[in-house]
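Participant: Shown below is the structure under consideration.
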Amino acid sequence: NAGVTQTPKFQVLKTGQSMTLQCAQDMNHEYMSWYRQDPGMGLRLIHYSVGAGITDQGEVPNGYNVSRSTTEDFPLRLLSAAPSQTSVYFCASSYEVGPGNTIYFGEGSWLTVV
Amino acid sequence: AQSVAQPEDQVNVAEGNPLTVKCTYSVSGNPYLFWYVQYPNRGLQFLLKYITGDNLVKGSYGFEAEFNKSQTSFHLKKPSALVSDSALYFCAVRDADNFNKFYFGSGTKLNVKP
């Protein structure tokens, strides 16, 4: 069981370039989300999805797009990368949304925008 | 609004000694609290959670946490620290108005010295 898989693990982008961070889970989880981790700030929610075709914004959605065409995949798109988007990105998922449900994280994608 | 605070950036403890990593929370409804651990260059791993019931919650790797409603705290504890416990620890609260959202603290780096 692979769990939550993120690719790429490391990426360097130039300002203005676009890219997609991939996230896939094989646990049939309905809920998927993207967080960014910055030093001293913990993790902040970018976007989330409660099922195929349903997405919504988190705390810091600006500059990012998402879509959920299948249960398994939840890609995060940076349309025009900025240095402020240099961060570590984590995808997370859970079976369903409820107060006690635990979310499970991928290994992270380290993104540097120069 | 929901939030958590981790007042210590770093905690140093000798191997074999008890450890405490502090977390305080602010919620508008029932608190749904979680602890995660992050090892270098890895994703976050779930340790334990408090949803309701006993104030002392036991989790993975010998960790436990004490929920204190009057002090709005959810401190992580372990009776005897191991060098392998050295990692970054995050406290998180689930948004009681929107279960899709988590709010994370800024993290506490635990250093366990031999």
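Participant: Take the Cα pairs of chain B, get the Kirkwood Rh, then feed it into Stokes-Einstein at 25 °C and 0.890 mPa s and tell me D in µm²/s.
Facilitator: 174 µm²/s
Participant: Going down the table (A:Lys9/B:Lys109; B:Lys58/B:Lys101; A:Lys9/B:Lys22; A:Lys14/B:Lys109; B:Lys58/B:Lys109; B:Lys77/B:Lys101), which pairs top 27 Å between alpha carbons?
Facilitator: A:Lys9/B:Lys22; A:Lys14/B:Lys109
Participant: Could you check the spin-label model distance between A:Ala82 and B:Asn17? Points 7 Å from the Cα along Cα→Cβ, value in nm.
Facilitator: According to this spin-label approximation, the distance is 4.4 nm.
Participant: Take B:Asn55 and A:Asp26, extend 7 Å from each Cα along the Cα→Cβ direction, and tell me the distance between the two endpoints in nm.
Facilitator: In this crude label model, B:Asn55 to A:Asp26 measures out at 4.5 nm.
Participant: Give me a single rounded figure for A:68-74: the average over its residues of other chain Cβ atoms within 10 Å of their Cβ.
Facilitator: Partner-chain Cβ atoms within 10 Å, mean over residues of A:68-74: 0.
Participant: Measure out, as a whole number of angstrom, how far apart the alpha-carbon centroids of the stretch B:3-49 and the stretch B:79-114 sit.
Facilitator: 3 Å
Participant: Using θ = phi - 60° and the Karplus form 6.51 cos²θ - 1.76 cosθ + 1.60, what ³J(HN,Hα) does each residue of the stretch B:7-22 get, whole Hz, x for Gly and Pro?
Facilitator: x, 10, 6, 8, 10, 10, 8, 7, 4, x, 7, x, 10, 9, 10, 8
Participant: Using a 10 Å cut-off around each Cβ of peptide A:38-48, what is the average number of partner chain Cβ atoms that fall inside?
Facilitator: That average works out to 4.
Participant: One quarter of the convex hull surface, Cα atoms only: what value does that give for the stretch A:39-114 in nm²?
Facilitator: On the way: hull surface 22.8 nm².
Averaged projected area of the stretch A:39-114's Cα convex hull equals 5.7 nm².
Participant: Other chains near A:92-102: what is the mean number of their Cβ atoms within 10 Å of each residue's Cβ?
Facilitator: So the per-residue partner count for this stretch is 4.
Participant: While we're here: From the backbone phi of the stretch A:47-59, what are the Karplus-calculated ³J(HN,Hα) couplings (6.51 cos²θ - 1.76 cosθ + 1.60, θ = phi - 60°) in whole Hz, Gly and Pro given as x?
Facilitator: So the J values, rounded to whole Hz, are 9, 8, 9, 9, x, 4, x, 10, 9, 8, 8, x, 6.
Participant: How many angstrom separate the Cα center of the stretch A:1-53 from the Cα center of the stretch A:97-114?
Facilitator: The two parts, judged by their Cα centres, are 6 Å apart.
Participant: A follow-up question, please. Pop a pseudo-label 7 angstrom from the Cα along the beta-carbon direction at both B:Leu82 and B:Asn68 and give the gap in nm to one decimal.
Facilitator: In this crude label model, B:Leu82 to B:Asn68 measures out at 2.8 nm.
Participant: Rounded to the nearest 0.05, what FRET efficiency do A:Val12 and B:Ser26 have when you use their Cβ-Cβ distance and R0 = 35 Å?
Facilitator: My answer for the efficiency is 0.40.
All of the numbers you see were taken from the coordinates with simple rules; none came from a lab. This is a predicted model, so every value here is computed, not measured. Here the Cβ is made from the backbone with ideal geometry for all residues, glycine too, and neighbour counts use every protein chain on show.
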